[in-house]
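Bear in mind these aren't lab numbers, they're just calculated from the coordinates by the rules spelled out. Everything numeric here is computed off the predicted structure, so don't read it as measured data. As a convention, Cβ positions derive from the backbone with ideal geometry for all residues, glycine included, and neighbour counts pool all protein chains shown.
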Amino acid sequence: MTADRTSPRTSPHTPSDDDWLDAALAADAREHGSSYLDDRGFTARVMNALPAPVAVPRWRKPALVALWSAAALGTASALPGVALDVGREAFRLLAAQPVSLPQIAAVLAAIGVVTWSAAAWALRSD
Amino acid sequence: MASTPDSDAALIARAVVADDRHAFAELVRRHQSAVRACLRRLTAGHHALADDLAQETFVLAWRHLGSYRQEAKFSTWLYRIATNCWLADARKRKEELLGDATDNLAEASGTAFTADAAVPDHARGATMKLDLERALAVLSEGERAAIVQCYYHDLSHEEAAYVLGMPVGTVKTHVLRGKQKLKAALAAWAPRQDS
């Protein structure tokens, strides 16, 4: 926010007429501003009134891992032929390509990075 | 060696990122006095109501801390929430608004407000303060809020406009009208013009 520091006290509203009122307001504001209100348990009351922290159940991660594992196993067992065919076809395609060892190594490295990053993200501590 | 206290920004970051309630408690401790004093002024001295609204202010601040963008000082942001809480509460209570308070103030200045001649010198300051508080209480919500932000918190018109969520021109109008009403109410305290 770009705040113009022009105080209302310096505003052009008939300054001579308002001098005594400005002085009265300024004096009251000074007194008002200099008096510190003791906490007297106010902060504790505020903290008690805050909404309770969201508690994540401890069983969340193992349950998620188990669920995804079951889903993956179920899919693999339900479609054994398809998975095998896809694997063979992919291997055949790759084998037919004129690839060099460094390219294979780069692909394997990329797969490793993606896999381990995903695992680290999934199992991170909140 | 004493450690340097964390800045507001650092405490806010800890509260937002790590859900650190101790950091937020420190922010409350730092700003509770100013926020409660602001609300006491806005509620015209109703201390219990002001403290309830201050508590509501900090709870709202906690809930919306993630949306604080540091476009204004943290205290100014808190004043904005506090003012909104007060306005919402005033509307809920259907507080008696004096759209044109001049007439009432004229009556009040003749009966309730103390004439300066009747007050001994040693009591003038306290009596003036009391009269000022009562005069502020009969301003409209917008006028009172504008006067409080501009004079008691020493905010510029632009900062007050941010706190009150209204255009700068409206703030200036509220300040002007509020001061006119205060002058009428506190006419007994005005210096006499010898002609």
> Per-residue HN-Hα couplings for segment A:104-121, Karplus 6.51 cos²θ - 1.76 cosθ + 1.60 at θ = phi - 60°, whole Hz, x for Gly and Pro?
Replying inline: 4, 4, 5, 5, 4, 5, 5, 4, x, 4, 4, 4, 5, 5, 4, 5, 5, 5
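Please order B:Asp52, A:Asp85 by the number of other Cβ within 10 Å, starting at the fewest.
On the way: B:Asp52 16, A:Asp85 11.
With the sparsest Cβ surroundings first, the list reads A:Asp85, B:Asp52.
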>> Past 23 Å, Cα to Cα: identify those pairs from B:Lys73/B:Lys129; B:Lys129/B:Lys181; B:Lys129/B:Lys183; B:Lys73/B:Lys181, in the order given.
In response: B:Lys73/B:Lys129; B:Lys73/B:Lys181
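Taking a ≥ b ≥ c as the square roots of the Cα gyration tensor eigenvalues, with a/c under 1.5 meaning rounded and otherwise prolate when a/b beats b/c, else oblate, which class fits segment A:38-126? Write down the numbers at each step before the final one.
Values: a/c = 6.98, a/b = 2.45, b/c = 2.85.
Here segment A:38-126 falls in the oblate category.
Let me know the mean shielding of A:93-106 by other chains, meaning the per-residue number of their Cβ atoms within 10 Å of its Cβ. Write down the numbers at each step before the final one.
Values: counts 0, 0, 0, 0, 0, 0, 0, 0, 0, 0, 0, 0, 0, 0.
The per-residue average across the peptide is 0.
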>> Given R₀ = 41 Å, what would the calculated FRET efficiency be for A:Gln103 paired with A:Ala72, taking r from the Cβ atoms and rounding to 0.05?
In response: 0.90
>> Test of understanding: ordering B:Phe24, A:Phe91, A:Phe42, B:Phe58 by Cβ neighbours within 10 Å, fewest first, what list do you get?
In response: A:Phe91, A:Phe42, B:Phe24, B:Phe58
